[in-house]
Amino acid sequence: MMNPKLKIIEPEGIFDKNKATEYRQLVNESLAAGSTIILLDLQKVTFMDSGGLGGLVMIRKAVIEAQSQLFLCSLNEQIKILFELTSMELVFNIFDNQEAFQQKIINP
Amino acid sequence: MKTTFTVPSEEESLPLVLSHFSKIDQDWISEKDWLRCELALVEGFTNALNHAHKNLPAETKIEIEVNITRENMEIRIFDSGPGFDLAGYIEQLNLEDDFSPTGRGIRILLKIANHLSYTRTSDNNRNCLLIVKEFAL
């Protein structure tokens, strides 16, 4: 059964500052609708730059302020390098894929 | 090998920059080096777009030149902006603050590049951001 408080968001393509702003809006709407767990699945993101990462940091802030939890999964090699260079791999809760997230967080 | 291309000063140019860059991949460059160079190129490009060309029309071109040898990659990004004291800016930047949105792109460039400079071209019409990345052996 789907967890009613879980919202999975799957951005696609190049994740830059503008794309991040769009998704920040979507996350804010989900939080307002009562989601307490947000999973951003980045599998279909082909490229992320510092503008996109800045957007993710703001999304994280909004989620924490709403006393909810943010998780990321399925980062490609490029995004991993970006996170590594900015020490963000220590800041975000990251899973290899949706299955790993489900096992650990939703159905532990 | 060397390649040069120009794109208009608009956010829509980013896929174009990535696509031009993907065509010049060489089999001796590791994936890790390649992805770092790609990220450095994009950060340099968006800096030119958002800062140097902030007040210039979209038709103003940004020229990108990439030189690849067995040892390294040199990326040159030419803009027509007013110029900027990058070295002075870097000096006052807090390089340890990963949360600060200010200068995140520059902090990434500094981590990737073995050499980073921003200078006026000899014809005094443009600026050149030079990013040099030595390949891991």
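Which of the following residues is at pLDDT below 95, over 17 Å from A:L82 (Cβ atoms), more than 14 Å from chain A (Cβ to nearest Cβ) and surrounded by fewer than 19 Cβ atoms within 10 Å (Cβ to Cβ): B:E63, B:E74, B:E91, B:E96? Break it down stepwise before answering.
Values: B:E63 fails: at pLDDT below 95; B:E74 fails: at pLDDT below 95; B:E96 fails: more than 14 Å from chain A (Cβ to nearest Cβ).
Criteria check complete, one pass: B:E91.
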- Query: For segment A:53-93, what are the residues that are over 22 Å from A:T21 (Cβ atoms) and of a type outside the set (S, T, N, Q)?
  - Reply: A:E77, A:K80, A:I81, A:E84, A:L85, A:E89, A:L90
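Looking only at segment A:82-108, which residues are acidic (D, E), farther than 16 Å from A:G55 by Cα and part of a helix (DSSP H, G or I)? First the steps, then the outcome.
First, the residues of segment A:82-108 that are acidic (D, E): A:84, A:89, A:96, A:99.
So of that shortlist, the ones also farther than 16 Å from A:G55 by Cα come out as A:84, A:96, A:99.
Once the filter is applied, which keeps residues that are acidic (D, E), farther than 16 Å from A:G55 by Cα and part of a helix (DSSP H, G or I), segment A:82-108 yields A:E84, A:E99.
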- Query: How about segment B:99-127: which of its residues are in contact with a Lys or Arg (Cβ under 9 Å, 6 or more places away or on another chain), more than 10 Å from chain A (Cβ to nearest Cβ) and in a loop (DSSP other than H, G, I, E, B)?
  - Reply: B:A113, B:N114, B:R126
- Message: For segment A:54-84, give me each residue that is at the interface with another protein chain (Cβ under 9 Å from one of its Cβ atoms) and of a type in the set (A, V, I, L, M, F, W, C).
- Response: A:V57, A:M58, A:I81, A:L82
- Among the listed residues A:L70, A:L31, A:L39, A:L85, which satisfies the condition of being surrounded by 15 or more Cβ atoms within 10 Å (Cβ to Cβ), in contact (Cβ under 8 Å) with a residue 60 or more places away in the chain and touching a Lys or Arg at 6+ places or on another chain (Cβ under 9 Å)? A:L39
- Note on the structure: Given (1) assigned to a helix (DSSP H, G or I); (2) closer than 24 Å to B:E12 by Cα; (3) in contact (Cβ under 8 Å) with a residue 12 or more places away in the chain, A:R60 misses just (2)
- Query: Do any residues in segment B:91-112 that are touching a residue at least 40 places away in the same chain (Cβ under 8 Å) have Cβ atoms under 9 Å from those of residues that are of a type in the set (A, V, I, L, M) and part of a loop (DSSP other than H, G, I, E, B), where the two are at least six apart or on different chains, and which pairs are they?
  - Reply: B:I106/B:L93
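With the structure loaded, tell me whether A:S35 is hydroxyl-bearing (S, T, Y) and at positive phi or whether it fails that test. Can you show your working first?
Working: hydroxyl-bearing (S, T, Y): yes; at positive phi: no.
Here the answer is no, as A:S35 does not meet what is asked.
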- Task: Filter segment A:73-82 down to the residues that are in contact (Cβ under 8 Å) with a residue 12 or more places away in the chain and of a type outside the set (G, A, S), then identify the one that is nearest to A:L40 (Cα to Cα).
- Result: A:C73
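Does A:I79 count as outside any helix (DSSP H, G or I), within 24 Å of B:E11 (Cα to Cα) and β-branched (V, I, T)?
Values: outside any helix (DSSP H, G or I): no; within 24 Å of B:E11 (Cα to Cα): yes; β-branched (V, I, T): yes.
Here the answer is no, as A:I79 does not meet what is asked.
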- Task: List the number of the failed condition for B:G44; all other conditions in (1) among the small types (G, A, S); (2) part of a loop (DSSP other than H, G, I, E, B); (3) crowded, with 21+ Cβ neighbours inside 10 Å hold.
- Result: (2)
- Message: Testing A:S87 on (1) under 20 Å from B:P101 (Cβ atoms); (2) facing another protein chain (nearest Cβ under 10 Å); (3) modelled with pLDDT of 95 or more, one condition comes back false. Which one is that?
- Response: (3)
- Item | Filtered residues of segment B:51-98 (kept if over 22 Å from B:D123 (Cα atoms) and part of a helix (DSSP H, G or I)) | B:G88, B:Y89, B:I90, B:E91, B:Q92
- Determine whether segment B:16-35 contains at least one residue that is surrounded by 15 or more Cβ atoms within 10 Å (Cβ to Cβ), closer than 21 Å to B:F84 by Cα and either within 13 Å of another protein chain (Cβ to nearest Cβ) or aromatic (F, W, Y) (or both). no
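The values are calculated or read from the model by the stated rules, or taken from the named source; none is laboratory data. No experiment lies behind these values; they were computed from the predicted model shown. In this analysis, Cβ positions are derived from the backbone assuming ideal geometry, glycine residues included, and neighbour counts consider all displayed protein chains.
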